[in-house]
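What follows draws every value from the coordinates through simple rules; no lab data is involved. None of the values given here were measured: they were computed from a predicted structure. Positions of Cβ are backbone-derived with ideal geometry, glycine not excepted, and every protein chain shown enters the neighbour counts.
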Amino acid sequence: MHEKNILRNKYFLYLTEFFSGMSVMAVELGASRLMAPYFSSSQIVWTVIIGVIMIAMALGNVWGGRKADKNPSPDKLYGRLLLAAVWIALIPFAGRYLIAGISLLLATFITRNFLIYAALFSCLAVFAFPCVLLGTVTPSLVKYTVGSLEDNGKTVGELGALNTIGSIIGTFLPTFVTIPAVGTAATFLVFSGILAAISIIYCISKRKKLVRCALAAILIAALGFLTPSYSFAFWEDGITLEDESIYNYLQVRESDSSVVLSTNVLFGVQSILMKHEKLTGMYYDYALAAPLMAGVTKERPGDILILGLGSGTFAKYCTEYFPGSSVEGVEIDEKIAALASEYFSLPDSVEVSVSDGRSYLTASGRSYDVIMVDAYQDITIPFQMSSVEFFTEVRKHLKDNGVMVVNMNMRSKSRDSINDYLCDTIGSVFPYVCTVPVEGGTNCEVFAYSNPGARKELDACRKGLDDRALAQMMDTVAGNLTPREAKDRILTDDKAPVELLGMKVLDEIIADELSYYRDKLLDLI
């Protein structure tokens, strides 16, 4: 009697289909956010996530159909949904340890395509199982809802439509609502709670598995109380701020000497504020040569545009060393732009726009003395800001004496690296391209210009600097400027395999960093 009441007009089964479709997409979006701080959010990682989840769903479809034929009772289906709900609730809390452990293990043995293997095995371990369980929903519900062959097409169509609508909502809701508002961990719990609620309602109606339902509800509720203290970088103490935006994981760390913004839990400095020193010793300092090459000084203020403002390290330096200059910063992540004034003392005189860098540049009617491109984060390089079409647009917005400076952060010893492609692409647009390696890291600064007297302008301006630290840094830049001869490795809007090229450099960096420990471990084995 109870079963007939809860399933009488198929509405409950239709709701099950709707919310299971929504949950699959929420898990997929959540997977990308959980993995991004460790592996980046490149197209490679997205490909792995989508592939694993689609394979898991396919296996679930086959398994669910066979299970429904053998045992047509819905009890098994709602039991699987309850198990999926518990697993999804545990993902953000146990998954980070699995991801870190799997990555460390694979880095010890794998020297090629590390990103693919690490993302693949992490995704299989963390996300495949609940997606297999959710994949059993549709074939099971088809079995339970089709009453006769006369209306089976209509019923299957309605189930498919509800699943699709749920998937659409499950795509937009995490991205634009739950993840920015409450974070990734809470997002997993929200959709886990929805699946658990459906299972619990069914079990109460049948008066079965009530103890399991109670334990699942208690577990999910208990995990909810842990979300305020949730941390991606679970091994670190003293993090000033840990947050998420639509685009990034955000981490602010403060010490006695600096404040640092990072968008990756393992490495990388996105922005930095030095408390006692004028310069950072990092690539921001090297990039200050660009205004001097364009003839911008204290006495001759200029117009400077930064595509990829971050929290404004370079913008702040430009206002300090070239007072009176007009400084604009474009940052696609609104939360990062907000951190600039809250933690990094970005001057109010810097005009900040929240937009995509290329779109902003294309719409701008202004010309600049300096355009800095600082939009590349580890392997995540926006292809639309790496192509010949983009650099052509940059040149159009530079004055005759203008200089473009690009921060490349994956310097490689091998030929045909991502930086070689970028430099060749830039060289096909600008007649003069010079590079300077940044000491103590993997960054490389690229200066591109059309004025043949730009290097002489740098030499003349740096001799007149009254700031000793800046003068020394400009001496370092001038002494290491190396002209680049462009070849035919050109990236275009149509063809720019930046993820694959970047992955090769990442493999090289990991191999160099772990070679000592790998050799020691292999000796023990």
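Report the net charge of residues surrounding SER450, where surrounding means a beta-carbon distance below 12 angstrom and charges are Lys +1, Arg +1, Asp -1, Glu -1. Mind showing how you got there, number by number?
On the way: positive: ARG395, LYS396, LYS399; negative: ASP400.
Residues near SER450 contribute +2 overall.
Model label sites at LYS487 and ILE50, defined 7 Å from Cα along the beta-carbon direction, differ in position by 3.2 nm.
Mind checking which aspartates and glutamates have their Cα closer than 20 Å to the Cα of LYS10? Skip sequence neighbours fewer than 8 apart in that chain. Cα-Cα hits under 20 Å: ASP69, ASP75, GLU150, ASP151, GLU158. Where in the chain are the DSSP H helices whose C-alpha atoms run 20 Å or more along the long axis and whose mean Kyte hydropathy is at least 1.0? Membrane-span-like by this rule: 75-109, 114-135, 184-206, 210-226. Taking amide H as placed 1.01 Å from N in the peptide plane, PHE322 has no amide H partner under 5 Å among residues 5 or more places away or on another chain.
With a ≥ b ≥ c the root eigenvalues of the C-alpha gyration tensor of the range 280-509, is it rounded (a/c under 1.5), prolate (a/b larger than b/c) or oblate? Spell out each step's value before the answer.
Working: a/c = 1.40, a/b = 1.19, b/c = 1.17.
In terms of gyration-tensor shape, rounded.
Put +1 on the Cβ of each Lys and Arg and -1 on the Cβ of each Asp and Glu in the chain; which of TRP87, SER73, LEU15 then has its Cα farthest toward the positive end of the dipole? Most positive-ward Cα: SER73. Residues whose amide H comes within less than 5 Å of that of VAL352, counting only those at least five positions distant or on another chain, are GLY329 (H built at 1.01 Å from N in the peptide plane).
Summarising the amide proton neighbourhood of MET372: residues at separation of 5 or more, or on other chains, whose placed amide H is nearer than 5 Å comprise LEU305, ILE306, LEU307, VAL405. Quick one: go through the range 233-273 and flag any residue whose amide nitrogen is under 11 Å from the point 7 Å out along the Cα-to-Cβ line of LEU104. It comes to 235, nothing else. Placing a label point 7 Å from the Cα of ARG300 along the Cα-to-Cβ direction, the residues of the range 444-474 whose backbone N falls under 19 Å from that point are 448-467, 471, 474.
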